[in-house]
1. It is to be established whether one or more residues within the stretch 132-154 are among the charged types (D, E, K, R) and in contact with a helix residue (DSSP H, G or I) (Cβ under 6 Å, 6 or more places away or on another chain).
2. Farther than 28 Å from His35 by Cβ and either crowded, with 19+ Cβ neighbours inside 10 Å or out of contact with any Asp or Glu (no Cβ under 9 Å at 6 or more places or on another chain) (or both): does that describe Val120?
3. Check off (1) touching a Ser or Thr at 6+ places or on another chain (Cβ under 7 Å); (2) β-branched (Val, Ile, Thr); (3) not in a strand (DSSP E or B) for Thr154 and give me the number that stays unchecked.
4. In the stretch 88-112, how many residues are over 17 Å from the mean Cα position of the chain (by Cα) and either of a type in the set (Lys, Arg) or exposed (fewer than 15 other Cβ atoms within 10 Å of the Cβ) (or both)?
5. So, in the stretch 209-224, exactly how many residues are of a type in the set (A, V, I, L, M), touching a Lys or Arg at 6+ places or on another chain (Cβ under 6 Å) and buried (at least 21 other Cβ atoms within 10 Å of the Cβ)?
6. Might you let me know whether the stretch 77-85 holds any residue that is open to solvent by 30 Å² or more (accessible area, probe 1.4 Å), touching a Phe, Trp or Tyr at 6+ places or on another chain (Cβ under 9 Å) and free of Cβ contacts under 8 Å to residues at least 12 places away in the same chain?
7. Do you know which of the residues in the stretch 167-193 that are more than 22 Å from Gly79 (Cβ to Cβ) and under 12 Å from the mean Cα position of the chain (by Cα) is surrounded by the most Cβ atoms within 10 Å (Cβ to Cβ)?
8. One residue is enough: does the stretch 199-208 have a residue meeting the conditions open to solvent by less than 10 Å² (accessible area, probe 1.4 Å) and either among the aromatic types (Phe, Trp, Tyr) or over 30 Å from Met109 (Cα atoms) (or both)?
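The values are calculated or read from the model by the stated rules, or taken from the named source; none is laboratory data. Computed from a predicted model, the values in this text were never measured in an experiment. Methodologically, a virtual Cβ is constructed for each residue, glycine included, from the backbone with ideal geometry; neighbour enumeration extends over all protein chains shown. Heads up: the accessible areas ignore ligands, DNA and RNA and are worked out on the full protein's heavy atoms, side chains in. Shrake-Rupley method; radii C 1.70, N 1.55, O 1.52, S 1.80 Å.
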Amino acid sequence: MSARIGIITFPGTLDDVDAARAVTRSGAEAVSLWHADADLKGVDAVVVPGGFSYGDYLRCGAIASMAPVMGEVITAAEGGMPVLGICNGFQILCEAGLLPGALGRNRDMHFICRDEWLRVENADTVWTSRYDTGAEILIPLKSGEGRYMASAETIEQLEGDGRVVFRYAGEAPNGSTNNIAGISSANGRVVGLMPHPEHAIDALTGPSDDGLGLFLSVLDATVTA
C-alpha cells in the first residue's frame, strides 16, 4: 500500500498541483487537503506548498498559520508526522511555530526567479535521506520574501545541531543569514526550504530532477515507519 501524502490548498496557493505531481511521481498517493477543514484525512505526511496564501496580507504565511487545517498539522507534527514547507509553506511553518525564525524581504527588494544551486548540509532528515551530505542540487527559486532571519542564538543553535538542511552553494541571492536555504525541526521530521523542489522532478520540465529526492526520501520513511 503506497503512502498517502497530503497537499494543502489555501486561497492564493499556486503550487499545490505541482506538489501533487511530485508526490505522484515518487510513487505515493497525493491527497488534497483544504485550508478550512480541520481534517488531515489519515495521511502519512503533509506538504505545505508555495504561493501567496491569503494574498500575503499581514506577514507572509501569518493568516494561513491560523487556518483550521494548520491546527491539525501542528498536532500531527508534534506527534512525529513528516511535514514539508516549500517557499510560502516555509513561511507558514515559521509563523505556526513549527520552525524557528522568519522570512523577510529579499536583500535587494526584488522578486527573484531563477535556478539555484543548493548544497545538502544534512542528509539525515526524513526529507533528505536520498541525498548525500555535501551533494549539490539544482532547484528553482522564486520568491520576494525569502531572506531567512533569526536571532544570533537561534542561528548558533541551528548550526550547532545540524539543523541547516540546505544552503545556497554560492552567496544567497536573497541575503539569507549564513546562506541558509532550508532548516529542520529538532527531530528532523519537519523541513522548510525556500526553493521549489517540486519544480525539479523531471529534466524535461525543470532544470533537473534533483528535487525528486525529497519526495522519495519521505516515501522511504513512511513505508518503513
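1. No, the stretch 132-154 contains no residue that is among the charged types (D, E, K, R) and in contact with a helix residue (DSSP H, G or I) (Cβ under 6 Å, 6 or more places away or on another chain).
2. On the way: farther than 28 Å from His35 by Cβ: yes; either crowded, with 19+ Cβ neighbours inside 10 Å or out of contact with any Asp or Glu (no Cβ under 9 Å at 6 or more places or on another chain) (or both): yes.
Here the answer is yes, as Val120 does meet what is asked.
3. Status for Thr154: all satisfied but (1).
4. 6
5. The qualifying residues number 0.
6. Looking for residues that are open to solvent by 30 Å² or more (accessible area, probe 1.4 Å), touching a Phe, Trp or Tyr at 6+ places or on another chain (Cβ under 9 Å) and free of Cβ contacts under 8 Å to residues at least 12 places away in the same chain, one finds none in the stretch 77-85, hence no.
7. Per the stated criteria, the residue is Gly182.
8. Start the filter on the stretch 199-208 by keeping residues that are open to solvent by less than 10 Å² (accessible area, probe 1.4 Å), which leaves 200-201.
Okay, now just the ones that are also either among the aromatic types (Phe, Trp, Tyr) or over 30 Å from Met109 (Cα atoms) (or both), so none.
Within the stretch 199-208, none of the residues are open to solvent by less than 10 Å² (accessible area, probe 1.4 Å) and either among the aromatic types (Phe, Trp, Tyr) or over 30 Å from Met109 (Cα atoms) (or both).
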